[in-house]
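Some notes on the structure that comes next.
The values are calculated or read from the model by the stated rules, or taken from the named source; none is laboratory data. Just so it is clear, the model here is predicted, and its values are computed rather than measured. Quick reminder, even Gly has a Cβ in these numbers, built from the backbone with ideal geometry, and neighbours come from all protein chains shown. Remember, those area values only see protein heavy atoms, side chains included, never the ligands or the DNA or RNA. Shrake-Rupley method; radii C 1.70, N 1.55, O 1.52, S 1.80 Å.
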Amino acid sequence: MLSYRHSFHAGNHADLVKHIVLVEILGHLVKKESPFDYIDTHSGVGLYDLRSSDSQKLQEHNEGINKINPDEFPELDKYFEVIGSYNDSKSMDFYPGSPSFASFFIRKQDKGWLFELHPKDVELLKSNFSRRKNIRVQHKDGFDGLKALIPPSSRRGLVLIDPSYEVKSDYDLVIDRVIKAHKKFSHGIYAIWYPVVNRKTIQRMENTLIKSGIRNIQRFELGISPDADKRGMTSSGMIVINPPWLLFDKMSQLLPKMAEKISQTNKPIYKCDVIVDE
């Protein structure tokens, strides 16, 4: 199924937690001069016009990025710096997708690998990164692409796995592919984004990871409303394997503050915990 288009959802509350965690990990990787590989299994188009008809149809950015005032969140200065680099003025007309956040950090010695299956989105993705010779775009299933690249030649890397989950089997497939990749590249950083539509499904993902024997797994989740049986995403999160050592402390302070801003109830909704110790 290829019906999902992120252009309808860019800048929403799910993008907040996903991209803030992504920025923190990438900022950690560039502290060393040695090269790293960035692998994005489900890239989308990479950059989204919030003025477009797609974005304006749902206006989900008004419940996400537009709720977060940069002046109130100095700890997110790098995140907002990246967003600002894709906009010509103080107004936020464009919101970067994960590939664009990564591109901001990728240096000449690093490599980016972007995978996208949607025929229209992959052409836009190629156009957006045509000038970056060390960022390669492939019209290919990201799970197959991941298998071919692991372990990367740099022996340092971040794998972002961010499917739409429009196919229910993706929840189990994501964990299966991460476990297999980890066996070949155990010290790599893996960041798995997930939507909370059914909590039992997410718990099954967590339990499978716990049983896998993989160590050092943390979870960061942000929501707008409590878990519910009704259709729709109430929260979303990032499961991170081998996270940077300062990530947990930063997110444990940041998530409650952000949750207060975006919650549609009187109670902030977030999770920040260790699934498996080191």
Quick one: what does P(r) look like for the range 175-278 with 10 Å bins over all Cα pairs, in whole %? 15, 44, 32, 9, 0
For the range 224-260, listing trypsin sites (Lys or Arg not before Pro) in a DSSP loop whose Cβ sees at most 12 other Cβ atoms within 10 Å gives K230, R231
Report, in cubic angstrom per residue, the convex hull volume of the C-alpha atoms of the range 10-85. 109 Å³
If you take every DSSP beta bridge fully contained in the chain, what fraction is antiparallel? Give it as a percent rounded to 5. 60 percent
Considering Cα pairs under 8 angstrom that are at least six residues apart, work out the relative contact order of the chain and quote it in whole percent. 21 percent
Residue by residue through the range 51-57, what is 3J(HN,Hα) from phi via Karplus (6.51 cos²θ - 1.76 cosθ + 1.60, θ = phi - 60°)? Round to whole Hz and write x for glycine and proline. 8, 5, 5, 4, 5, 6, 5
Using alpha carbons only: equivalent-ellipsoid semi-axes of the range 81-203, gyration tensor based, whole Å: 25, 20, 15
Assigned charges on the beta-carbon of Lys, Arg, Asp, Glu; the chain dipole about Cα centre (debye): 780 debye
Express the accessible area of the range 6-58 per residue in Å², computed with a 1.4 Å probe while the remaining protein chains stay in the model. 33 Å²
Average accessible surface area per residue within the range 103-256, 1.4 Å rolling probe, Å²: 48 Å²
Surrounding charge for S164, neighbours by C-beta under 12 angstrom, Lys/Arg +1, Asp/Glu -1, total -3
Loop-only check: which GluC sites (Glu not before Pro) in the range 6-102 are DSSP coil with at most 16 other Cβ within 10 angstrom? E33
I want to verify a result. In a Gaussian network model of the chain, Cα cutoff 10 Å, which of these has the top mean-square fluctuation: D144, D88, D162? D88
Tell me what the chain gives for mean residue ellipticity at 222 nm when only DSSP H runs of n ≥ 4 count, each as -39,500 (n - 2.57), the sum divided by the residue total, rounded to 500 deg cm²/dmol. -11500 deg cm²/dmol
What are the ³J(HN,Hα) values, in whole Hz, obtained from phi via the Karplus relation 6.51 cos²θ - 1.76 cosθ + 1.60 with θ = phi - 60°, for each residue of the range 182-199 in sequence order, with x given for Gly and Pro? 4, 5, 8, 9, 6, 9, x, 9, 10, 10, 10, 8, 9, x, 9, 10, 9, 4
Where Lys and Arg each count +1 and Asp and Glu each count -1, what net charge lies around N198 among other residues with Cβ under 12 Å from its Cβ? +4
Heavy atoms of R177: accessible area, 1.4 Å probe, square angstrom to 10: 70 Å²
Under the rule of at least 5 residues apart or a separate chain, name every residue whose amide H is placed under 5 Å from the amide H of L47. G97
Quick one: among L173, L255, L209, which has the greatest mean-square fluctuation in a GNM of the chain with alpha-carbon springs under 10 angstrom? L173
What are the GluC sites (Glu not before Pro) within the range 115-180 that DSSP puts in a loop, where the Cβ has at most 10 other Cβ atoms within 10 Å? E166
How do F80, F36 rank by accessible surface area computed with a 1.4 Å probe, from largest to smallest? F80, F36
Once all protein chains are kept in place, V274 shows an accessible area at probe 1.4 Å, nearest 10 Å², of 70 Å²
Please report Rg over Rh for the range 212-251, where both radii come from the alpha carbon positions and Rh follows the Kirkwood definition. 1.10
In the structure shown, of K32/K211; K18/K168; K78/K140; K78/K257; K126/K180; K32/K261, the pairs separated by more than 23 angstrom at the C-alpha atoms are K32/K211; K78/K140; K126/K180; K32/K261
Carbon plus sulfur, as percent of the 1.4 Å-probe accessible area of the chain, comes to 49 percent
